[in-house]
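Here the structure comes first, spelled out in structure tokens, and everything after it is commentary.
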Amino acid sequence: MMLVKLGGSVITDKSKKYVFKEKTVRRLAKEIKNSGEKVIVVHGAGSFGHILAKKYGLDKGFINEKQISGVTKVQADVKGLNARVVNSLIDAGISPVSIPPSAVVECRNKKIEKINVDVFKKYLNLGLTPVTFGDVTLDRKLGFCIVSGDLLMLELAKVFKPEKSIFVSNVDGVYMDKKRMDKIHDKIVRNMKRKKTKIPDVTGSMYEKVKIGLKMSKFTKTMIINGNVNNRLCNALKGRKVVGTVIK
Ligand code: IP8
């Protein structure tokens, strides 16, 4: 079994609200299908989640009543994005089932404390492909919080110990001093700095991803690849050598 995260930057235009990259998602869905592998799909929120989540300060947890309409809106928007991803998977001949974190995850201080993995297991056993996504969930300390697709990848990797976990992003991998790294390990990650960008992102982008990827590498072979290049995902799933960064 493999874990695939379709990053928000590949499936949406992160700088413009509600821009879904349908052509890319359809191609990636076909690549998953063509690989013949059993997968769990996680996807990011992109411009369907981060822009409003930032506006309402949802990453801070409950502070005031005004945020509540933001919780509703962001949950509805990421579900809308999820429906589009699910439809692309169906059209590619996959049988997806949507598992919204708002219904199966509870956090404490932004960390996942409870996740109903039985739901994932049972659907997988039936031959369906679970699809989950970055969302707003309950938080036992903060009221609510943002759960990123990357955090979900970590939890699912702990439980399912997939043969491989692939982060599909919009770059060829992790760069240091303008050079793409084939492999990175904990020492390199400790020296990485979080880059500031103008694009709204409440969950931390590449730096956080690499830190999470490092934790995941205890349970699964973890890599970051570029989903904008034809067949990279399919080849990576098939175990062929592809351009990307492996996190050890
Ligand atoms: O795009 C963030 O998930 P991510 C979820 O995987 C929201 O970081 C609601 C902004």
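Coordinate-derived values only; no laboratory data. Keep in mind the model is a prediction, meaning the values are calculated, not measured. Positions of Cβ are generated from backbone atoms using ideal geometry, with glycine treated the same way; all protein chains shown enter the neighbour counts.
Numerical summary
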read-out: Matching residues in segment 44-88 - criterion: being under 20 Å from Ser9 (Cβ atoms) and not in a helix (DSSP H, G or I); value: Gly44, Ala45, Gly49
read-out: In segment 166-177, residue surrounded by the most Cβ atoms within 10 Å (Cβ to Cβ) [restricted to those that are closer than 27 Å to Val74 by Cα and more than 14 Å from the ligand (Cβ to nearest atom)]; value: Ile166
read-out: Index of the failed condition, Ile212 passing every other in (1) within 14 Å of the ligand (Cβ to nearest atom); (2) of a type in the set (A, V, I, L, M, F, W, C); (3) not in a helix (DSSP H, G or I); value: (3)
read-out: Number of the exception - Ala83 against (1) surrounded by 17 or more Cβ atoms within 10 Å (Cβ to Cβ); (2) within 16 Å of the ligand (Cβ to nearest atom); (3) under 20 Å from Gly46 (Cα atoms); value: (1)
read-out: Candidates Lys5, Lys60, Lys16 - the one that is closer than 19 Å to Ser205 by Cα, away from the ligand (no atom under 12 Å from the Cβ) and in contact with a strand residue (DSSP E or B) (Cβ under 9 Å, 6 or more places away or on another chain); value: Lys60
read-out: Pro100, sole failed condition from (1) in contact with a strand residue (DSSP E or B) (Cβ under 7 Å, 6 or more places away or on another chain); (2) within 20 Å of Gly227 (Cα to Cα); value: (2)
read-out: Any chance Asn109 is under 22 Å from Met1 (Cβ atoms) and either of a type in the set (S, T, N, Q) or within 13 Å of the ligand (Cβ to nearest atom) (or both); value: no
